[in-house]
Amino acid sequence: KNDIIVSPSILSADFAKLGDEVRAIDQAGCEWVHIDVMDGRFVPNITIGPLIVEALRPVTDKVLDCHLMIVEPELRVADFAKAGADIISVHAEQSSTIHLHRVVNQVRTRAAAAARALARAQSQSQTQSGYRIKDLGVKAGVVLNPGTPLSTIEYVLDQVDLVLIMSVNPGFGGQSFIESQVAKIRELKKLCLEKGVNPWIEVDGGVTPANAWKVIDAGANALVAGSAVFKAPSYRDAINGIKASKKP
Ligand code: DX5
Ligand code: ZN
């Protein structure tokens, strides 16, 4: 896991031509596609549901990295898995779910079963992009808001494939990076080493080619970028710029 993953957030894409936008970031060399799911309750904005994930699934065979900013994600996990999500990340805050440990395990078990059913269906008819599920499991992620301490996830750390540190308060693209989260990433990296686990460490919010080096240096290896990719003249240059980010 030493290579840096860039996961462009389609929240900043042109929604009127979403398929073309996803094809464009795929061809520009992104590894993952970040999908921000908001319900207008956990966060003050409403965005994407499982129908959109399902519509995008045949467009790319890149990893669909689904970030659920919703209340009661336990009620939606199976829908997102069926729609073709590869990673399902849920927030650790109790205003999202009361039973974090349970929902994380739901992603890894029941969701995986749903995805397997989908894979079976797809082996009959190949999709537009030639996409087929290779890894039948769905990866589970846990997300921390900027104000939420790391200790919240200490006892699910051995259960997750990914930890996402929010470097803005979730709800909107184009906000500025909250510097205090760099220390949290560094602490998380340390905690993972202590516990002998190696989840992806993902960062989301205000990441640009100018500041990505800070989070990479702190231990992050998956970087979400919305406006820094979709508002850039060249998606490829923006993605490469984030990977090659260096301390000035
Ligand atoms: C914020 C979302 C982010 C957002 C990032 O609620 O979770 O994924 O799209 O956008 P930028 O990179 O513009 O801050
Ligand atoms: Zn996000």
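The values are calculated or read from the model by the stated rules, or taken from the named source; none is laboratory data. Remember, predicted model here, so these are calculated numbers, not experimental data. Every residue, glycine as well, gets a Cβ built from its backbone with ideal geometry; the counts of neighbours run over all protein chains shown. Accessible surface areas use protein heavy atoms only, side chains included; no ligands, DNA or RNA. Shrake-Rupley method; radii C 1.70, N 1.55, O 1.52, S 1.80 Å.
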Within segment 86-109, how many residues are of a type outside the set (S, T, N, Q), part of a helix (DSSP H, G or I) and either in contact with a strand residue (DSSP E or B) (Cβ under 8 Å, 6 or more places away or on another chain) or more than 15 Å from LEU68 (Cβ to Cβ) (or both)?
6
Candidate set: segment 63-73, residues that are of a type outside the set (A, V, I, L, M) and surrounded by 19 or more Cβ atoms within 10 Å (Cβ to Cβ); chosen: the one farthest from the chain's Cα centre (by Cα):
PRO73
Flag for VAL37 being away from ligand 1 (no atom under 11 Å from the Cβ) and within 15 Å of the chain's Cα centre (by Cα):
no
So is VAL207 hydrophobic (A, V, I, L, M, F, W, C), within 14 Å of ligand 2 (Cβ to nearest atom) and farther than 29 Å from THR109 by Cα or not?
yes
Inspect all residues belonging to segment 162-173 and state whether any of them is free of Cβ contacts under 8 Å to residues at least 60 places away in the same chain, open to solvent by 70 Å² or more (accessible area, probe 1.4 Å) and among the hydroxyl-bearing types (Ser, Thr, Tyr).
no
Filter segment 27-61 down to the residues that are over 13 Å from ASP79 (Cβ atoms), open to solvent by 20 Å² or more (accessible area, probe 1.4 Å) and part of a loop (DSSP other than H, G, I, E, B) and list them by number.
GLY29, GLU31, GLY40, ARG41, PHE42, PRO44, ASN45, THR47, ASP61
